[in-house]
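Each remark here refers to the structure printed beneath this line.
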Amino acid sequence: MAFCAGMRFFSPRELAWGLGRRWRGDGRKFIFLYHRIASPEDDPFALAVPENWFHDHLEILRSHCRLVSLDEILSARVAKSSVVASITFDDGYADNLRTAAPILRLAGIPVTFFICTGCLGDVRGFWWDRLASAISAADGLPPQFEGVRGVPLAVDLSSRESRRKATLDIALRLQRMHPLERDRVVADLENVLLSGDRGNLEPCPVLDEAGVRELDSQPLALLAAHTENHAMLSMLSRDEQLAEISRNVRKLEDITGTRPRFLAYPYGNEQAYNPDSRHAARDAGLEAAFVNHPAPFDPRSEPYRVPRYYVPPLPADQFRRWLHGIFGR
């Protein structure tokens, strides 16, 4: 997710420049991370790239590198004059199937989708979507909202920008909770913030089981694991981490008939996983796991800490500059 790197809001300038730092590593292999191809009314976590921007991104990427499958980028030797990249998506939003997959299929571009299985078919979205929707719809509340048990915050909800800040502040607390506690707090917040008639909630639908099967049937698509409940693994015991990953792997195998081989750690920053996470990924029989922070690109020596670049929602010109920063050009 976009807030994997510390759950913060990035300004347009930061999105265009500050996130485009080149990381140490191979220098010729790059894995890019998207979440949604959509144009929601509100996107506090910068997860959604509009469809026309995504077309531009792919065109610009193809002008700079060869787009290959995750298998190929992990195993292939690349000539010194070549640059290869792979496209991935996290979480499992319905627009991955309805919007992203057809674009990539027509362009002949391989893609990997990391699917979280804990709320398949939920039209409200994931916990962070529900949080954002509830706060966005809370116009009728008093200016100072004291929070609920587990989130003792006094936050200002009197303006659009203050609600955005409150969303990020509360999400930062929630992502570090055990999933059971986190989901209870989200439900409590919804009960408080959505009491009475407070406007329409914007849906953020998650793939259902039929959608997962259809996505798996796409000829250039590979499905991979992203845990059952999108837990911050480092907050769990080693046994709990293994259970989170193994349930996810088994459910995806039950739905598609194919056992996933790769994992993306939820949130993906350096605080989101630990050595137990890497051991759990290995013990679950997965071949590699992916992070969203600077790390050497060395799948042979570090198969459970392979870096990816989160792609911010940027129009073509800003994306091109951002990409040049990553490629070091």
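The values are calculated or read from the model by the stated rules, or taken from the named source; none is laboratory data. Since we're looking at a predicted model, the values are computed, not measured. We place every Cβ from the backbone using ideal geometry, glycine too, and count neighbours over all the protein chains shown.
The numbered conditions (1) crowded, with 16+ Cβ neighbours inside 10 Å; (2) under 29 Å from Asp42 (Cβ atoms); (3) out of contact with any strand residue (DSSP E or B) (no Cβ under 8 Å at 6 or more places or on another chain) are all true for Leu242 except (2). Specify the residue that is farthest from Phe54 (Cα to Cα); the eligible residues are those in the range 270-329 that are among the β-branched types (Val, Ile, Thr) and within 19 Å of the chain's Cα centre (by Cα). Residue satisfying both the conditions and the ranking: Val306. For the range 193-223, taking the residues that are modelled with pLDDT under 80 and more than 23 Å from Gly92 (Cβ to Cβ), the one that is surrounded by the most Cβ atoms within 10 Å (Cβ to Cβ) is identified as Arg198.
Within the range 282-299, being crowded, with 17+ Cβ neighbours inside 10 Å and within 29 Å of Leu168 (Cα to Cα) holds for Ala289, Phe290, Val291, Asn292, His293, Ala295. For Pro307, the requirement of being in the same structural domain as Ile115 (by TED's automatic domain parsing) and either buried (at least 17 other Cβ atoms within 10 Å of the Cβ) or modelled with pLDDT of 95 or more (or both) is met. Listed by first and then second residue, the pairs with beta-carbon distance under 7 Å, at least 6 apart or on different chains, first residue in the range 128-152 and assigned to a loop (DSSP other than H, G, I, E, B) and of a type in the set (Gly, Ala, Ser), second at pLDDT below 65 and surrounded by fewer than 20 Cβ atoms within 10 Å (Cβ to Cβ), are Ala137/Arg198; Ala137/Gly199; Ala138/Arg198; Gly140/Gly196; Gly140/Arg198; Gly147/Leu153.
So, of the residues in the range 310-329 that are of a type in the set (A, V, I, L, M) and more than 23 Å from Ala272 (Cβ to Cβ), which turns out to be surrounded by the fewest Cβ atoms within 10 Å (Cβ to Cβ)? The selected residue is Ala316. Restrict the check to the range 232-240 and report whether at least one residue is closer than 21 Å to Thr112 by Cβ and assigned by TED's automatic domain parsing to the domain that holds Asp43. Yes, the range 232-240 has at least one match.
Tell me, please, whether a residue that is farther than 22 Å from Ala264 by Cα, at pLDDT below 95, within 20 Å of the chain's Cα centre (by Cα) and not polar (S, T, N, Q) can be found in the range 18-31. The answer is yes; a qualifying residue exists. All told, Phe89 falls short of being modelled with pLDDT of 95 or more and either touching a Gly at 6+ places or on another chain (Cβ under 7 Å) or over 12 Å from Ala221 (Cα atoms) (or both).
How about the range 160-190: which of its residues are among the polar types (S, T, N, Q) and without any contact (Cβ under 8 Å) to a residue 12 or more places away in the chain? Of everything in the range 160-190, just one residue is among the polar types (S, T, N, Q) and without any contact (Cβ under 8 Å) to a residue 12 or more places away in the chain, namely Ser162.
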